[in-house]
Every structure is written in structure tokens, then in C-alpha cells.
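Below is one structure, written out as C-alpha cells; comments come after it.
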Amino acid sequence: MTDKTLLQDLNARGLIAQMTSEDELEQHLAEGSVTLYCGFDPTADSLHIGSLVPLLALKRFQQAGHKPLALVGGATGLIGDPSFKAQERKLNDDSTVANWVEKLKGQVSQFIDFDSGDNSAEVVNNLDWTRDLDVLTFLRDVGKHFSVNQMIAKESVKQRIDREGEGISFTEFTYMILQSFDYQQLNASHNCTLQIGGSDQWGNITGGTELTRRMNGNKAFGLTLPLITKSDGTKFGKTESGTIWLSPNKTSPYAFYQFWLQTSDADAYGFLKYFTFLSVEEIDALEKADAARDGRPEAQSVLAREVTRLVHGEEGLTAAMRITEALFSGNLSDLSEADFEQLQLDGLPSSSLADADLAETPLTTLLSEAGMANSGKQIKDALQRNAVIVNGVEKGMGDNMKAAEVFASEHGTYGRFFLVKLGKKKHHLFVI
RNA sequence: GGUGGGGUUCCCGAGUGGCCAAAGGGAUCAGACUGUAAAUCUGACGCGCGAGCUUCGGUGGUUCGAAUCCACCCCCCACCA
């Protein structure tokens, strides 16, 4: 990044959706270390991969010598951001939010460096400066700077205002003011002059730059990152089993790795630019090499490796790759008994059949309860298509009531391991 | 508080007394083809291996029969006050 400015690199990666006064921002960043912030609201006990782009962007700025502040929304999380949300959200109680705030702090901290001298990162919580703010002060000192006419005109709340059958409460409508206030406060306390966020945050960010100018008399900048979309138009970051979380407790490193590995060709190179620190040149070279070769491209495996390492570390990546290798290479017979135990430790989904009543329980129940499918119907469908494979042997509907036979010790690897494959991608280890 | 419009299976959205477990689309899952890709085609898609069971905001009612009709209640939206 020596021969290019940070903004040029971000731009080459397609990571800039919008910014305020581009030329001035470029100059501002060139003048020295800038303090910037990005907010993360606690809407669950973990962030998901949707937050990865801004999180990595903070790191990109830090690598370029700037000082990142990660804001967790202890206050805004209590309100709920209405931006581009079709419906009013239900409120979470404050102990829940407080608990989530703690979890997010830990996650956010993984990505930025807290010990790098002048530009060490900091984590801040907006509850710290809003908790004791009283209504009248808020209305007089902050609220007075906002025009409802302008707020209503924001694209981010338009569908809530215009759409038949929906509305917006005053609570959520005020969210924008709270976030603007955060920026103004951080500007005053930390000399923060740049806020970044997803493109849905544009309205909230510009609100903050305005408020900072009015209350502090300071120039403040904003930059938004693009919303990640997939080429086929489906939602990024969701699968059948739900959201891809950053917490290993909610999405195992193995599942996380698999998610990236299954990226389509059309998205892979873009995702490499968004989600990794490989240089644009390296990625372009990879794309050329893949195009020149027949068969399977390398992009997905590079992507999966890089991102898994970023989020779950070298250990998580090793575990994920170990499972992948064992399950998809096709030669399970090479695995030792200790290998099976290691796979369980690595996070291969597994369950014990010790307590199960195999004589009475159909496979449909057994496999769906183990989490291989959401309902027995799906198992049934798979059985009818011979898509259930136990230790390499196809099972059909006829075996449904014969769980005791299927899982009999003499059929198990080392007398007790049964690797069940559902379709091409789902695996589950049963142990007796 | 008044008037009008709404609340249907994950989402959107048909259905206005039996032919409704409820059209259609999307999402998702599985099969074929492939490369653990995309596109395409096929199947599944409330729950249950099955017999069968439980649904259409809630509670009661009318009826042989209700998502559909009636009463009351809850929630959402628009306009008025």
C-alpha cells in the first residue's frame, strides 16, 4: 500500500459506496493520523458476517496509520435502527442488551490492534454519554439542530413513511439523532473526524457530520461501504441453517470455512477484495490464472482460508481444513480411531446414540433431531433418492425403521463410528 | 376518541361457507448435470416412517361443515378529532 493511498486501494476493492467531499477527505487522510469510528449495535449475542466488511475496514485504516474506534451501541441497541428496515422492531430489555454489548466488545476487539502506539484502537460505548442525558437537555441542545422535514425525506426511512401498512415510531425515528450525537461526542472527546459504516448508514452518518459542524464547528467526514450482494440476487450471509455468525459457538469454524468455500465463481473474486487483505494485484492475478485453467478455480479455497484465518485464527482454520479433508477427500478408511476423535474436537457435528432407542426410532427422527435437517420430511426425501449414506453405504426408505441394524456395532468403523452423509455436503458423525 | 382498511403456513401474496394443509412467486432442501460453483431440469417444502394430527391474530358462537359468517377482544395502518 506504499505506492497507493488508502482511498485508492479501497476504491479498487470496490469498498467505497459513498463519501462526503472526496477531495477534502483524501487530503485529510494524507495529512496525518485520523481518528475514525464505526458503530456496531447489539442486536444479538454475536456479530455476523455482515459486520465483517466494516470491521475489516477499520483494520485497513489502522494499517494505514489511522486510529480506529469501535463503538458498541449500548444505547442505540436499546432503540433500534430503522434504516431500510421494513418493520418496526421489538425492543430488547436492557439487561439483554448489556449482555450482548459485552460479547460484541470481545468480537470487535479481535480485528483491531490495541497496542500500536499512537494509533492504538479503542472500544467505546455510546451508553456512556447518553445514560445520564436528560430529555430536556437532549431536546434543546441536540434535537434543535434537526429538521423533521429533512429527516422524513431520508431515503432510509422512506419505505416506513410511504409504505401502506407500515409506520415508524418516534423511538426509532429518533435513532438517527442518537447516532449523530455519538459522532459529535466522539469528535469532541477523541477528535474523531471520520465515520464509516454500511451504505445503509449514509443518512445517519451525514446527520452526524452536520451535527458535529453545528455543535462543535468542526469539519467531519463520512464514508460508507457497499452492501454485499450475491450475483444470483439471494441474500448474502444466510444459508438453510441460518445466519453465518462470527462466534465459533454459533457457527463452527468448519461451517464457516464451508460457507466461503461454496461461494459461486461470479462472486469469489469480489469477495476476495472485500474480505481479505490480499492485494488487488494478487487477486487479479489469481483470477487470470483460474480463467486460464480448466476445471475448478482456486479462488474459493483461497477465500475460505483467508477469511477463516482472520476470524477463527490459525487453529480454527486448521481444524476446519482437517474436517474438510477427511469428509470430502473420499477416503475415510485412512482415518485412525484417534482421527475420528480429533474430528469431533475440531467441530464436526456429532452426537451419541448411546441413549437412543434404535429399535423404535426411525432414521427420519434420528437424523433430523441430530440437526441434519429441519424436519423428518427432508430426510424422507433424501432416503427416497438414496441420498443418505452411512459409512459409505446408501440407505433407502426401506431402512427407515431399521436404525438398530444400520447402527449396529459390527457396521461401525472401529465398532462405534458412523459417518452419515446427507446429500453431498452435510455430514454428521454418530457414535455409539 | 371517531371513520375506514388490515392481521393467511419462513417472506411476499391469493383465497371470502364444503372441491383448503390452503393458488402463485421467492427463499430453502434433495436429485440429475458439474467443480462442495452458476445456469437449467426434476422432486420436497405445517408436523408425522405411517395411520393420522395441528393450522389461517385471540376467545367464544352459528352451521352437518368456517381461513371464509356473527360477537367480543388484541395488534397494525391511514385519515379525522
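The values are calculated or read from the model by the stated rules, or taken from the named source; none is laboratory data. Quantities reported herein were computed from a predicted structural model and do not represent experimental measurements. Ideal geometry is used to build each Cβ from the backbone, glycine not excepted, and the neighbour counts take in all protein chains shown. The accessibility values were calculated without ligands, DNA or RNA, using every heavy atom of the protein model including side chains. Shrake-Rupley method; radii C 1.70, N 1.55, O 1.52, S 1.80 Å.
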For the stretch A:249-262, take each phi angle, set θ = phi - 60°, evaluate the Karplus expression 6.51 cos²θ - 1.76 cosθ + 1.60, and give the result in whole Hz per residue in order, putting x for glycine and proline. 6, 9, 9, 5, x, 5, 5, 5, 4, 4, 4, 6, 5, 8
Two pseudo-spin positions, 7 Å from Cα along C-beta at residue A:102 and at residue A:315, lie apart in nanometres by 2.2 nm
Cα convex hull of the stretch A:238-328: how many Å³ per residue? 103 Å³
Chain A, Gaussian network, Cα under 10 Å: of A:304, A:319, A:17, the residue fluctuating most is A:17
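Tell me, what is the per residue accessible area of chain A in Å², probe radius 1.4 Å? Let's see the in-between values first.
On the way: 20730 Å² over 432 residues.
About 48 Å² of surface per residue is accessible.
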Cα-centre dipole for chain A with unit charges at Cβ (Lys and Arg positive, Asp and Glu negative), debye to 20: 840 debye
Keeping the other protein chains in place, figure out the carbon and sulfur percent of the accessible area of chain A, with a 1.4 Å probe. 48 percent
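So for the stretch A:49-114, if I pair up every lysine 8 or more residues apart or on another chain, how many of those pairs have alpha-carbons under 21 Å apart? Kindly include the intermediate steps, with their values, before the conclusion.
Details: A:59/A:67; A:59/A:103; A:59/A:105; A:67/A:105; A:90/A:103.
Summing the qualifying lysine pairs gives 5.
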With the dipole of chain A defined by +1 on each Lys or Arg Cβ and -1 on each Asp or Glu Cβ, the option from A:397, A:331, A:343 whose Cα lies farthest towards the positive pole is A:397
If you plug each phi of the stretch A:125-136 into the Karplus form 6.51 cos²θ - 1.76 cosθ + 1.60 with θ = phi - 60°, what whole-Hz ³J(HN,Hα) values come out, in order, with x for Gly and Pro? 10, 5, 5, 4, 10, 10, 3, 9, 6, 8, 4, 5
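What is the ratio of the Cα radius of gyration of chain A to 2.2 N^0.38 Å, with N the residue count, to two decimals?
On the way: Rg = 25.3 Å, N = 432, 2.2 N^0.38 = 22.1 Å.
It is 1.15.
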Can you tell me how much longer the chain between residue A:162 and residue A:401 gets when fully stretched, taken as 0.36 nm per residue apart minus their C-alpha distance, in nm with one decimal? 80.5 nm
If DNA, RNA and ligands are ignored and the probe is 1.4 Å, what is the ranking of A:245, A:260 by accessible area, most exposed first? A:245, A:260
Exposure of residue A:411 as accessible area (Å², to 10), given a probe of 1.4 Å and all protein chains: 100 Å²
3J(HN,Hα) from dihedral phi, the stretch A:234-240, Karplus parametrisation 6.51/-1.76/1.60, rounded to Hz, x for glycine, proline: 7, 6, 6, x, 10, 10, 4
Which lysines, on any chain, are close to residue A:395 with Cα under 22 Å apart, when same-chain ones fewer than 8 places away are left out? A:377, A:380, A:421, A:424, A:425, A:426
For residue A:251, list long-range residues whose amide hydrogen, built 1.01 Å from N in the peptide plane, is under 5 Å from its own amide hydrogen. A:245
Taking Cα atoms only, helix A:202-216 is inclined relative to the longest principal axis of chain A by an angle, in degrees rounded to 10, of 30 degrees
Please give the contour-minus-distance gain from residue A:249 to residue A:22: 0.36 nm per residue of separation, less the Cα-Cα distance, rounded to one decimal in nm. 77.7 nm
